[in-house]
Amino acid sequence: MICIDTFNYAQQLDLFHLFQPANLVVSTCKFTFIDLFAGIGGFRIPLEELGGVCLVYSEIDREAMKVYQNNFMGDPDFTETYLGDITSLNKLPFNIDVIVGGVPCQPWSIAGKMQGLDGPRGKLWLDVFRVVKSNQPKAFIFENVKGLTEPRNIKNLEYILTNLTASGYIVKYQVLNSYDFGLPQDRDRVFIVGIRNNLANSWGFVFPQGLSKSVKLYDVIPGIEKSNFPKKKFPPEVLYVDGKIPVSRGRFQKIDELNDFFTFADIRNGHTTIHSWELIETTPTEKIICQNILKNRRKKLYGEKDGNPLKFEVLQSLIPNLKIADLNSLVAKKILHLVEGKCYEFVNSKISAGINGISKIFLPHADAIATLTATGTKDYVAIMSIECAEPNVYKQKFIQEIYNQHKYKPLTAKDYARLQGFPGNFQIADNEATAKHQLGNAVSIPVIYYLTEALLKIIL
């Protein structure tokens, strides 16, 4: 193990040109690591806190490197441990305890092109295999999106596991959620952990179970109201008149509970779904038209698309005494638009786009916000809470007291940092969009901390 107190440029020359790492100053550090696909340092922060020393790092994004160097090296122009592109890495001139990295996730992500190992970023796994096999660290941790574990990608996952195992490792993987480690963010990520199979108790690694404490958005995001409103229970038939329980019902929203967020979408429905015709003045007839389009647009009777524009004749058969003027009024209000001059469709037809630039507004007492992404979200946080009530009253209260009064705010880059568990003294990028992109790509700090802590119990 090589441990470094002060890793300056002269020592870097020793390391890479003279290959004399024994000349470096030895300290009391617990382990060494190299940081692949380093980003802005999400792995490095918790590993250093656990007593690790980063020997070298690899990253190709210049903006991410600026943030990384600014936080870990003091001087943005000082690349003390920079290794360059992983595609050029092989055997390094020193022993390594742990290799970590957030391997690019776009090949498996719904937000990406899902090219798998065939895409240029997917092929970076081949470089990971080479670096691991050449350097034989005691252990490694690699992070990726949950999509890698889903049925459409399972053969790729098996290929990755097989190659890492063949390099001499006991390999395990598990999906961990950031919420379970003290962050109010619903963020699932798969972690692949390997321990060299010639180490004692190499089979003994167990993934951490998470923390017992629960958090709310108001515990992390400043400037929003703290409240202890309980989630109100309702019989399912009250919440789901048609008897269909949404697939999204899960750990944060039970079947008999009202949501603690509101979704803005014209192509979905639910007790906390806000439609464009509820936000502006519309007539009863116009509301009926919109509700009929919402109800029938996905029926195969009217087309093969997952959401079909409907002709006037179709709507006329569904709504007695319908007049073309009623539809024209909805077009004028920019709720509907004509497709190919003869079919009507909602203007707001993409969930991700939301309505008026808003996809979701989470209440301060929500358990978790949706996953932060590098591409950004249109999610907002209300700055005040409202108590649950009968579903229709709940929605109207939200519109009147929060939406109409502009009692909500966008997530800032600093909020992103807090929701990812970065320490308060971490210096994010000056540009807001750049910082959000980098933080959306980052790993959640507490997850890495507890995962590494569990790993160190085996290898040290």
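The values are calculated or read from the model by the stated rules, or taken from the named source; none is laboratory data. Given the structure is predicted, the values throughout are model-derived calculations rather than measurements. Neighbour counts are summed over all protein chains in view; Cβ atoms, including those assigned to glycine, are modelled from backbone coordinates with ideal geometry.
Assorted remarks:
- Test set (1) over 23 Å from residue 136 (Cα atoms); (2) at pLDDT 55 or above - residue 76 fails condition number: (2)
- Residue count for the stretch 306-343, restricted to those that are touching a helix residue (DSSP H, G or I) at 6+ places or on another chain (Cβ under 8 Å), outside any loop (DSSP other than H, G, I, E, B) and within 19 Å of residue 278 (Cα to Cα): 6
- Subset of the stretch 383-397 [touching a helix residue (DSSP H, G or I) at 6+ places or on another chain (Cβ under 7 Å) and either closer than 18 Å to residue 275 by Cα or polar (S, T, N, Q) (or both)]: 391
- Restricting the stretch 363-376 to residues that are among the hydrophobic types (A, V, I, L, M, F, W, C) and touching a Ser or Thr at 6+ places or on another chain (Cβ under 7 Å), the residue that is surrounded by the most Cβ atoms within 10 Å (Cβ to Cβ) is 363.
- Of all residues in the stretch 377-429, those that are among the charged types (D, E, K, R), buried (at least 19 other Cβ atoms within 10 Å of the Cβ) and farther than 30 Å from residue 39 by Cα total 1.
- Near pairs, Cβ below 6 angstrom, 6+ apart or cross-chain, from the stretch 220-246 (within 30 Å of residue 181 (Cβ to Cβ)) to any residue that is of a type in the set (Phe, Trp, Tyr): 224/218; 226/218
- Residue in the stretch 317-329 that is surrounded by fewer than 15 Cβ atoms within 10 Å (Cβ to Cβ), under 23 Å from residue 399 (Cβ atoms), modelled with pLDDT of 95 or more and assigned by TED's automatic domain parsing to the domain that holds residue 244 present: no
- Here the helices (runs of 4 or more DSSP H) wholly within the stretch 356-460 that include at least 3 residues being within 26 Å of residue 212 (Cα to Cα), in contact (Cβ under 8 Å) with a residue 24 or more places away in the chain and β-branched (Val, Ile, Thr) are 445-459.
- The stretch 203-304 holds helices (runs of 4 or more DSSP H) entirely within its bounds, and those carrying 3 or more residues that are modelled with pLDDT of 95 or more map to 276-279, 284-296.
- Residue match in the stretch 292-303 (condition: under 19 Å from residue 391 (Cα atoms), surrounded by fewer than 16 Cβ atoms within 10 Å (Cβ to Cβ) and not β-branched (Val, Ile, Thr)): no
- Selection from the stretch 254-268 of residues that are within 22 Å of the chain's Cα centre (by Cα) and of a type outside the set (Asp, Glu): 254, 259, 261, 262, 263, 264, 265
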